[in-house]
Amino acid sequence: VTNKNTIVKWIEEGRVFFGQTGRGAPQLKRYLNEVQQGVVPITYWSYDECGHNDEARKEIKQLFGEPPFDTPKPTRLIKQILNISTNKDSIVLDFFSGSSTTAHAVMKLNSQDDGNRKFIMVQLPEHCDENSEAYKAGFLNICQIGKERIRRAGEKIKEENKDKEGIKNLDTGFKVFKLDTSNLKAWDPDVEELEETLKGMVDPIKEGRTQEDMLYEIMLKYGIDLTMPLEEIQIKGKAAYSIGLGYMIVCLEDGLTLDFIEAIGAMKQSGQEIARVVFRDSGFADDNVKTNAVQLLKKFGIEDFRTI
């Protein structure tokens, strides 16, 4: 918001331009020495700077052979936008990602300026026409095209820059998530069949859901960044997950014993900053193990203990 005095001052200094006739919409003149870096962006971008549709099709053809997507954007166009609107640590969100040109452009720009930008691509799984080149190539929906493009583009960028120092550290990895209902059963008791309802809730996890599905829901419920380092580990022969370099341990296996709990305590004593643990409520060998596990974990300094 600019106040009246500032505008009057700009007019007196000849900083406000009212067009050739003097009746046009006012425009503020800015000079290069007032811009932090580069030049002020202009509204007209030529294809010499930003590419064009034919270039975009050639880019995607280099990755796939026959282009599986009819309307890609040139990566130079997206890079131009990124150069204006981001810094090296920005998170770039594209709600209509299509063939993931934005992700491709982010990785390209990172490879050029040693940036650490991250991208979030969002796309409805729109089905490919059965007569399309994409469908013939095995892509059932647009999301599959986007995922494969990110993989191939990442490999191509690293190959093209293989002699550049530090290129091996370029992050071209990504995770894929799909919107779904909770992995936990909703409590919806049938009064006439209450006993059967209770039996069905002994294990509250829905059939067909994997441990990995549950793991990410737990992370969401805790407000933990889904890009947090995640490692699958073995503790006393049980599969578990270490999140955030050991900040949280999740084990959804059955038959957990006090030996298992003590092993987690030993990890804490060895220097791992374990602050939270999550188990299945039905995962303990018996009720005594569950009761004693709480006290044993407290003994090792782990106060945040949850079951699902």
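Every number here is computed from the coordinates shown, using simple stated rules; none is lab data. Only a predicted model underlies this, so the values are computations on that prediction, with no experimental measurement involved. Here the Cβ positions follow ideal geometry from the backbone for every residue, glycine too, while neighbour counts run over all protein chains shown.
Quick rundown of the values:
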| read-out | value |
| --- | --- |
| Normalised contact order of the chain, rounded percent, pairs of Cα under 8 Å and 6 or more residues apart | 8 percent |
| Size of charge dipole - the range 103-178 - debye, nearest 20, with Cβ of Lys, Arg +1 and Asp, Glu -1, no other charges | 260 debye |
| Taking E55, E192, E49 and counting other C-beta atoms within 10 Å, the order from fewest to most | E192, E49, E55 |
| Cα convex hull of the range 177-239 - mean projected area over all directions, nm² | 6.2 nm² |
| Within the range 191-307, percent of DSSP bridges classed antiparallel, to nearest 5 | 50 percent |
| Rounded to 10°, Cα long-axis angle of helix 287-299 versus longest principal axis of the chain | 60 degrees |
| Share, in percent, of DSSP beta bridges within the chain that are antiparallel, nearest 5 | 50 percent |
| C-alpha long axis of helix 53-64 to longest principal axis of the chain, angle in ° | 30 degrees |
| With Cα atoms, 0 to 90° folded angle of helix 258-269 axis to the chain main axis | 40 degrees |
| Per-peptide average of other Cβ atoms within 10 Å, ordering 73-84, 207-218 highest first | 73-84, 207-218 |
| Relative contact order for the range 107-230, counting Cα pairs under 8 Å that sit 6 or more residues apart, in percent | 18 percent |
| Whole-percent pair-distance distribution, where bins are 10 Å wide, for the alpha carbons of the chain | 5, 18, 20, 18, 18, 12, 6, 3, 0 |
| The range 179-189 - phi-based ³J(HN,Hα) in whole Hz, Karplus 6.51/-1.76/1.60, Gly and Pro as x | 5, 8, 6, 4, 7, 9, 5, 7, 7, 9, x |
| Rounded Å value of the spacing that divides the Cα centres of the range 221-290 and the range 102-174 | 34 Å |
| Net charge of neighbours whose Cβ lies under 11 Å from the Cβ of T102, counting Lys and Arg as +1 and Asp and Glu as -1 | +4 |
| Hz values of 3J(HN,Hα) by residue in the range 166-172 - Karplus curve (6.51, -1.76, 1.60), Gly and Pro given as x | x, 5, 5, 8, 4, 7, 10 |
| Under 14 Å, Cβ to Cβ, from R276 - net charge with Lys/Arg +1 and Asp/Glu -1 | +1 |
| Those lysines that a straight Cα-Cα span of less than 22 Å connects to K158, excepting residues fewer than 8 apart in one chain | K58, K61, K73, K79, K88, K108, K118, K147, K168, K175 |
| Residue exposure sequence - T172, T71, T101 - by fewest surrounding Cβ within 10 Å | T71, T172, T101 |
| Magnitude of the charge dipole, the chain, Cβ model with Lys/Arg +1 and Asp/Glu -1, debye to 20 | 1680 debye |
| Order of L124, L109 - criterion: other Cβ atoms within 10 Å of each residue's Cβ, fewest first | L124, L109 |
